[in-house]
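For reference, the structure discussed in these notes is given below.
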Amino acid sequence: MKSYRDLLVWQKAVDLVTCCYALTKLLPRSETYGLVGQIQRAAVSIPANIAEGHGREHLGDYLRHLSIANGSLMELETHLLISQRLNYLGVDDVDRVLAQSGELSKMLCGLTKKLQAKGPNT
């Protein structure tokens, strides 16, 4: 694997970003500097950290960036659930994104475990 763009987990993360940007268009203008920005930043952070970690020379750095990506994923879920509770987003829309998020979380966990199994000398 030569590029982070070849990673299915990165591709799915970019798909999630696209979906989140579409959802933020449904939020009220009053949330432009609130939830809209928070959702967009958290979503973009996920594939960005996967890519940055892949580009690092040390396994520990890669694992740390995957952990940050997973944290951003949890942050994103929280912002979406808050948006739903405020009745800005519908249950179906949020559930669809949470399903994507769950799949992505499993993929991040799998990649992390695979890299950890390689050991620190890789």
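Read-outs throughout are calculated quantities, based only on the coordinates presented, and are distinct from any laboratory measurement. Note that the coordinates shown come from a computational prediction; the quantities given were computed from them, not determined experimentally. No Cβ is skipped: glycine too gets one built from the backbone with ideal geometry, and neighbour counts run over all protein chains shown.
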Quick calc: nm separation of the 7 Å Cα→Cβ label points for Asp92 and Ser30 -> 2.6
Rounded to the nearest 500, the 222 nm mean residue ellipticity computed for the chain from DSSP H runs (n ≥ 4, each -39500 (n - 2.57)) alone is -26000 deg cm²/dmol
Restricting to lysines and to Cα separations under 21 Å from Lys2, and discarding same-chain partners fewer than 8 apart, the set is Lys12, Lys113, Lys114, Lys118
To the nearest 20 debye, region 4-118 has a Cα-centred charge dipole, built from +1 on Lys and Arg Cβ and -1 on Asp and Glu Cβ, of 200
Check: C-alpha center region 1-75 vs C-alpha center region 84-103, spacing in Å is 17
Region 4-118: relative contact order from alpha carbon pairs under 8 Å, six or more residues apart, as a whole percent, is 30
Full extension between Ala117 and Thr78 adds, at 0.36 nm per residue less the Cα distance, a length in nm of 11.0 nm
Farthest towards the positive end of the dipole of the chain, among Gly60, Leu27, Ile82 and with Cβ unit charges of +1 on Lys and Arg and -1 on Asp and Glu, lies the Cα of Gly60
For Gln11 and Arg56, extending 7 Å from Cα along the Cα-Cβ vector and measuring point to point gives, in nm, a value of 2.5
Calc'd 3J(HN,Hα), region 37-51, phi into Karplus 6.51 cos²θ - 1.76 cosθ + 1.60 (θ = phi - 60°), Hz, glycine/Pro = x, comes to x, 5, 5, 5, 5, 5, 5, 5, 4, 5, x, 5, 6, 4, 5
Checking region 5-84 for trypsin sites (Lys or Arg not before Pro) in a loop per DSSP with at most 13 other beta-carbon atoms within 10 Å yields Lys25, Arg56
Candidates for Cα extents along the principal axes in Å are [x] 69, 35, 26; [y] 50, 23, 20; [z] 40, 30, 19, and the calculated one carries label [y]
